Structure formats: C-alpha cells, structure tokens
Amino acid sequence: MRFTGSFVIVAILFVTVLITSNIIAVKPIQLLNLPFQYIGGSAVILPASIIIFPISYIVGDILTEVYGFRVARAVIWLGFAANLLVVIALYLTGIIPGAPFWSGDDQGSYNRILGQVPGILVASFIAYLIGEFSNSTVLALLKYKMQGRLLWVRTIGSTIVGQGLDSFIFIFIAFGVFGDWSGAALLGAAIAQWITKILYETVATPLTYAVVNYMKRKEQMDVTDVPSSLNPLGVFG
C-alpha cells in the first residue's frame, strides 16, 4: 500500500500514545472512592497511563477497520520496537555516570521515575502484545462475520477482549508474579482497570465512528480480512 500522510499520522499517534503511557504509568492515581466496597477496597487506584493508553486501542481499531489486520499488525510491532528502544535508552542513561553537579538525589529521582522495574517491563511487553493483537484479531473477525455492519459492536466487543487480557495479564504478572499483592488486590485492580477502559472506549465510540468514516472516504479503503490471514507473526514471514 502507499503510505499516505493520514496513515503516517495515525501510526505516529499510536506509537506516541504507547511510549507516553509506559512512562507515566509509574504514578498511581486515585480517581474516586466508591460508595461501596469491592474486591480490593473502595478506592479506585489506577496507573496514570489510564489517561491515555486506551487511545491506543481506539487507534488500533481505526487501523484494522480501515487498512486491515496486516497493516495494523505492522504498526503494533513497530510500537513494540519503539518502546523497546526507549526502555534501552532509559536504562543506559541511568547507568552512565552523571556530571559532577548531578547529585545522588538527582539520580535517585531519575531511577524512581524512569528506571523502570524489570518485572513491570516484562508484564507491560507481554500484556501489550497479547492485548493489542487480540483486539485487532477480534475486530477483524467480527467485521468478516458481520459483513462490516455495526461498528460499535465490533469496537466495544474487541475492546472487552483485548483490554481484559491486557489488564489481567499486566496486573497479575507485574504485581503478582514479581510483586507481593494479595489475590484480592490483584483481582480488584484488574477489574477496575478493565471496566474503566471499556467505559473509555464506549464514550469515545462517536469519535471512533467519525474518524473511521473520514479515513475510509479519504483513503478510499475499507479492508475486510479473511480469518486465515489473521496471523500476528505473519509480519516475519
């Protein structure tokens, strides 16, 4: 395919959202206190990445819906490679000795914010690949089965699957396998993230419709993939 300016903008947005999300995820935020107790308590505590990360799924939906799974797959792997490059750069910067005026407190602050914990990175990479590819695959399958109808069902349905896998895999690996959270805390945090992301996608559905329709008209593309072509590793073949 020819790479138009619109496609480049969408791809850059996807990668930017991914990298930004991983950097700001270090800060936990408390959005609200529920008037009742759920698994893990009443406070809804989420990583700050919740502000922007769901946008990557919306952009992934746009890529799959307009350009097809093959193109979305390439952008997902591009995002993975770009994020890995950022992680390597942050790590190398952290271990290189600082200038004489760079104090121990400065280094400590850098390590705390940008010196990402290996367990968090492993969880993030695994959850990202499984979540994004699940989202794109489900969207493509539903488009094929539903013959391109009911976009809102397809975007929200794929988000339920993709964001669910992403939330549970990340929380349970990062804070269960590599952490010491209790089972209740893990389950509560994963469910809270999952529901928040689904609500995010639902609220953004009118915007998704508008962008998808605009991109289809502008690009003169509306790809429907056959199930046999939905191979996440096909980019290497």
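Any read-out appearing in this document is the output of simple, stated calculations on the displayed coordinates, not a laboratory observation. The structure displayed is predicted, hence computed values, not measured ones. All Cβ positions, glycine included, derive from the backbone under ideal geometry; neighbour counts span all protein chains shown.
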Gain on full stretching of the segment that runs from Ala48 to Val26 - 0.36 nm per residue minus C-alpha separation: 7.2 nm
Residues of type lysines that Lys143 reaches as a straight line, Cα spacing below 24 Å, ignoring anything fewer than 8 places off in the same chain: Lys197, Lys216, Lys218
Segments 131-139, 118-126 sorted - mean Cβ within 10 Å per residue, highest first: 131-139, 118-126
Exposed trypsin sites (Lys or Arg not before Pro) absent - longest run of the chain, DSSP non-H/G/I/E/B, at most 14 other C-beta within 10 Å: 3-148
Ranked packing of 103-109, 7-13, most packed first, by mean Cβ within 10 Å: 7-13, 103-109
Backbone HN-Hα couplings from phi across the stretch 60-74 [Karplus 6.51/-1.76/1.60, Hz, Gly and Pro as x]: x, 4, 4, 4, 5, 5, 8, 9, x, 5, 4, 6, 4, 4, 5
Pairwise FRET efficiency - Gln220 versus Ser182, Cβ, R0 = 35 Å, nearest 0.05: 0.05
Burial order of peptide ranges 170-176, 207-213 (average beta-carbon count within 10 Å, highest first): 170-176, 207-213
Cα-based helix-to-principal-axis angle, 183-203 vs the chain, degrees rounded to 10: 40
Between helix 118-145 and the chain: long-axis angle, C-alpha atoms, 0 to 90°, nearest 10: 10
Where the Cα pairs of the chain fall when distances are cut into 10 Å bins, in %: 7, 30, 32, 20, 8, 1, 0
Debye, to nearest 20: dipole size of the chain, +1 on Lys, Arg Cβ, -1 on Asp, Glu Cβ: 640
Full-extension gain in nm, Thr4 to Val122, via 0.36 nm per residue minus C-alpha separation: 39.1 nm
Folded to 0 to 90 degrees: helix 205-219 orientation relative to the chain principal axis, Cα: 60
